[in-house]
Amino acid sequence: MSSKQVTLKYHKGTIVISGLESLPYTTIDSRTNSLISYGINYKKITEYLKEKNVDYEDLVLNLLPLGQLPKIKVKLRDYQKEAIKSWSQEKMGSIVLPTGAGKTIIGLKIIEMINSPTLIVVPTLDLIKQWTQILSQSFNIEIGNIGGGTENIQAITVSTYDSAYIKAPSIGNKFLLIVFDEVHHLPAPSYRLIAETYIAPFRLGLTATLEREDHLDADFPYLIGKTTFRITANELAKNNYLA
């Protein structure tokens, strides 16, 4: 494809590729004559280069160090095990469960399983507090927070959607897993840029309902992957999981 040194860099939400004249998922930046692409395409680009046996220097990642996370001692219900198993096939996509069905526990077990720098994105400051408390108790490490005037970035960090959007240019290459709580917020015009500018190859959406009145839920497969598991309140009630 090219005899030049191929280099990948991260710049304010985009992947900048030098040393190639063309590459899928990219466009040409006329100012620099480099190929550019949204961070969301990082996994696809690197997989393509490996498939074509192209040697490249990867300067994209700036990961925060994370040691081995302890195993969370919790007994999962059968549907929670199935939800995790289904998501694990591609390590992308949404899990749709009714309120009270244990979405947070599923998120924790997936964070434990991936054991990589993780950003959890939530819509409210109250949810930052809730997630921070349970993450800290589960993993016994300092949990970062971004939002409400706080900016403390750690290997596992909880952020509001607004702050994750604002901070994307500087932290979009620091996490390999991104968890979107209440993921139905994500397709909104500004929030979708979180999914597009972060490079995280592993993506999990959690919600009780994906559907939106503006029909932007059609963009979920592109933004985070398909729905990997869904179960209704009626189905859980039949098995005495919900009152």
Just one listed residue, out of K73, K85, is charged (D, E, K, R), exposed (fewer than 15 other Cβ atoms within 10 Å of the Cβ) and in the same structural domain as L204 (by TED's automatic domain parsing), and it is K85
Assess whether K109 counts as being in the same structural domain as S159 (by TED's automatic domain parsing), surrounded by 18 or more Cβ atoms within 10 Å (Cβ to Cβ), at pLDDT 95 or above and of a type in the set (D, E, K, R).
yes
Please name all residue pairs, on different chains or six or more residues apart, with Cβ atoms under 6 Å, provided the first residue is in region 146-162 and is within 17 Å of T104 (Cβ to Cβ) and the second residue is surrounded by 14 or more Cβ atoms within 10 Å (Cβ to Cβ) and polar (S, T, N, Q).
I156/T118; V158/T132; V158/N145
Of (1) modelled with pLDDT of 95 or more; (2) within 30 Å of V16 (Cβ to Cβ); (3) part of a loop (DSSP other than H, G, I, E, B), R31 fails just (1)
Please pick out the residue among I224, I194, I199 that is more than 20 Å from W87 (Cα to Cα), in contact with a strand residue (DSSP E or B) (Cβ under 8 Å, 6 or more places away or on another chain) and either at pLDDT 90 or above or surrounded by fewer than 18 Cβ atoms within 10 Å (Cβ to Cβ) (or both).
I194
Of residues in region 38-76 being among the β-branched types (V, I, T) and touching a residue at least 40 places away in the same chain (Cβ under 8 Å), the one nearest to I171 (Cα to Cα)
V60
Quick one: which strands (runs of 3 or more DSSP E) lie wholly within region 173-243 and hold at least 2 residues that are β-branched (V, I, T)?
177-181, 227-230
How about region 102-129: which of its residues are of a type in the set (S, T, Y), over 16 Å from the mean Cα position of the chain (by Cα) and outside any loop (DSSP other than H, G, I, E, B)?
none
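Taking the condition surrounded by fewer than 18 Cβ atoms within 10 Å (Cβ to Cβ), farther than 30 Å from L108 by Cα and not small (G, A, S), does N33 pass?
yes
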Keeping to region 25-76, report how many residues are over 20 Å from L119 (Cβ atoms) and β-branched (V, I, T).
8
Residue check: is S37 over 15 Å from L176 (Cα atoms), at pLDDT 95 or above and not assigned by TED's automatic domain parsing to the domain that holds E211?
yes
V122 meets each of (1) of a type outside the set (D, E); (2) over 25 Å from N173 (Cβ atoms); (3) surrounded by 22 or more Cβ atoms within 10 Å (Cβ to Cβ) with one exception, condition (2)
Qualifying residues in region 15-30 (those that are within 22 Å of Y198 (Cβ to Cβ) and loosely packed, with under 14 Cβ neighbours inside 10 Å) - the one nearest to the chain's Cα centre (by Cα):
P24
What number of residues within region 130-156 are more than 17 Å from N173 (Cβ to Cβ) and part of a loop (DSSP other than H, G, I, E, B)?
6
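The values are calculated or read from the model by the stated rules, or taken from the named source; none is laboratory data. Small disclaimer: the values here were computed from a predicted structure and weren't measured. When we count neighbours, we look across all protein chains shown, and the Cβ atoms used for this are built from the backbone with ideal geometry, even at glycine.
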